[in-house]
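Taking it in order: structure first as structure tokens, then the write-up.
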Amino acid sequence: MWIFGWKGPSGFSARSTAEEVTQGIDGTGLTAIVTGASSGLGLETTRVLALRGVHVVMAVRNTDAGRNVKEEILKEIPTAKIDVMELDLSSMASVRKFASEYNSSGQPLHILINNAGVMATPFMLSKDNIEMQFATNHLGHFLLTNLLLETMKKTTKESNKEGRIVNLSSEAHRFAYTEGIRFDKINDESGYSSMYAYGQSKLANILHANELTRRLKAEEINITANSLHPGSIVTNLLRHHSYINAIAGFFGRLMLKNVQQGAATECYVALHPQVKGVSGEYFMDSNKANPTLQAKDAELAKKLWDFSVSLTDPK
């Protein structure tokens, strides 16, 4: 961890902000989708990408909130190119609708930032009857990525520019269930732990990026896929744990990153030329980092891919 301002090999540290890691980068001509873009890290990522000239599509559950954010950003950056589209990652029907509308719009897609997520929720099932954290944090993004991939491939070929897929994971992947992914017990309420289930979904984000990397390289496609830990940040992810949220809010100013610092790594991985051609890596504090051995398990990644396909297959 490049803490206390100590810079890593990239020249950046945990204190670096999203604006700092993208300083001097011209994103004009690039189009990015950012999920969960109406608050927290997604909002700051949207703002900074727009500041660098990227056309940003905000994929959000609440389009009214999204439009309010868009207007606030436009006040600061009048030249910003921002669109708002509805997306509920806990609903496969919503994901399919979003992807269908985007693919038929004719817009290019250079960057996909799978940022949205829920954290440590009480046990509940998604609209498709899948445990909510796994459904939202992994499965919704898995399906979204697959449905948008042909548009990304087309964009990469026509523009001769590298495409980048960025999965927001977490160091919480170290605290998944012992077996990593509970393939046979995804919906088992009796053995459910809100924090282990969150860790499971974050482990899945890394495995997804790694297996996607393997498949893209096999096809010799100029698209990278990486995962990252943004750092410990106080956002509304902890809304289901009011006591912990209150403590985090109290100590956050001293110990945790602010949102500007938290969004740095995803902006770095999405835009920085240092990351050109880099794929299947895990980043933290805008530097490469080492995830767990489970996260590097190629067979587990393949198994998760097949499992995810079976769950998202419209049948």
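Each residue in the stretch 261-298 was checked for being in contact with a helix residue (DSSP H, G or I) (Cβ under 6 Å, 6 or more places away or on another chain) and assigned to a helix (DSSP H, G or I), and 8 of them qualify. For the stretch 30-49, the count of residues that are among the polar types (S, T, N, Q), in contact with a Pro (Cβ under 8 Å, 6 or more places away or on another chain) and open to solvent by less than 50 Å² (accessible area, probe 1.4 Å) is nonzero. Cβ separations smaller than 7 Å between residues 6+ apart or across chains give the following pairs from the stretch 178-195 residues that are touching a residue at least 60 places away in the same chain (Cβ under 8 Å) and within 21 Å of LYS127 (Cβ to Cβ) to residues that are open to solvent by 30 Å² or more (accessible area, probe 1.4 Å) and part of a loop (DSSP other than H, G, I, E, B): GLU189/PHE123; TYR192/PHE123; SER194/PRO122. The set of residues in the stretch 53-88 that are in contact with a Phe, Trp or Tyr (Cβ under 9 Å, 6 or more places away or on another chain) and crowded, with 21+ Cβ neighbours inside 10 Å comprises VAL57, ALA59, LEU87. Taken over the stretch 129-155, the criterion of being free of Cβ contacts under 8 Å to residues at least 60 places away in the same chain and surrounded by fewer than 20 Cβ atoms within 10 Å (Cβ to Cβ) is satisfied by ASN129, MET132, LEU147, GLU150, LYS154.
Could you look through the stretch 188-207, keep only residues that are over 14 Å from THR136 (Cβ atoms) and among the aromatic types (Phe, Trp, Tyr), and pick out the one that is most open to solvent (accessible area, probe 1.4 Å)?
Here is the first cut: in the stretch 188-207, the ones over 14 Å from THR136 (Cβ atoms) are 188-193, 195-196, 199, 203, 206-207.
Subset that is among the aromatic types (Phe, Trp, Tyr): 192, 196.
Values: TYR192: 47, TYR196: 111 Å².
Once the filter is applied, the top-ranked residue is TYR196.
Going by what's in this entry, would ASN210 be described as open to solvent by 10 Å² or more (accessible area, probe 1.4 Å), out of contact with any His (no Cβ under 9 Å at 6 or more places or on another chain) and either in contact (Cβ under 8 Å) with a residue 40 or more places away in the chain or within 14 Å of VAL166 (Cα to Cα) (or both)? Yes.
Count, please, the residues in the stretch 156-187 that happen to be in a helix (DSSP H, G or I), touching a Gly at 6+ places or on another chain (Cβ under 9 Å) and open to solvent by 60 Å² or more (accessible area, probe 1.4 Å). Spell out the reasoning first.
Filtering the stretch 156-187 for residues in a helix (DSSP H, G or I) gives 156-159, 171-175.
From the residues that got through so far, the ones that are touching a Gly at 6+ places or on another chain (Cβ under 9 Å) too are 156, 159, 171-175.
Narrowing further to those that are open to solvent by 60 Å² or more (accessible area, probe 1.4 Å): 174-175.
Matching residues across the stretch 156-187 total 2.
Starting from the stretch 51-68, keep only residues that are under 10 Å from ILE33 (Cβ atoms), then list their pairs with residues that are of a type in the set (Gly, Ala, Ser) and part of a helix (DSSP H, G or I) whose Cβ atoms are within a distance under 6 Å, requiring at least 6 positions of separation or different chains. Note: pairs meeting the criteria are VAL56/ALA50; MET58/GLY66.
For the stretch 237-260, residues that are at pLDDT 50 or above and either assigned to a helix (DSSP H, G or I) or among the β-branched types (Val, Ile, Thr) (or both) total 3. Out of the residues in the stretch 4-23 that are without any contact (Cβ under 8 Å) to a residue 40 or more places away in the chain and open to solvent by 100 Å² or more (accessible area, probe 1.4 Å), state the one that is farthest from HIS272 (Cα to Cα). Selected residue: PHE4. Selection of the stretch 296-315 for residues being open to solvent by 30 Å² or more (accessible area, probe 1.4 Å) and farther than 9 Å from PHE142 by Cβ yields LYS296, ASP297, ALA298, GLU299, LYS302, LYS303, ASP306, PHE307, SER310, ASP313, PRO314, LYS315.
The values are calculated or read from the model by the stated rules, or taken from the named source; none is laboratory data. Because the structure is predicted, anything quoted here is derived from the model rather than measured. When we count neighbours, we look across all protein chains shown, and the Cβ atoms used for this are built from the backbone with ideal geometry, even at glycine. Accessible surface is based on the protein model in full, side chains and every heavy atom, while ligands, DNA and RNA are left aside. Shrake-Rupley method; radii C 1.70, N 1.55, O 1.52, S 1.80 Å.
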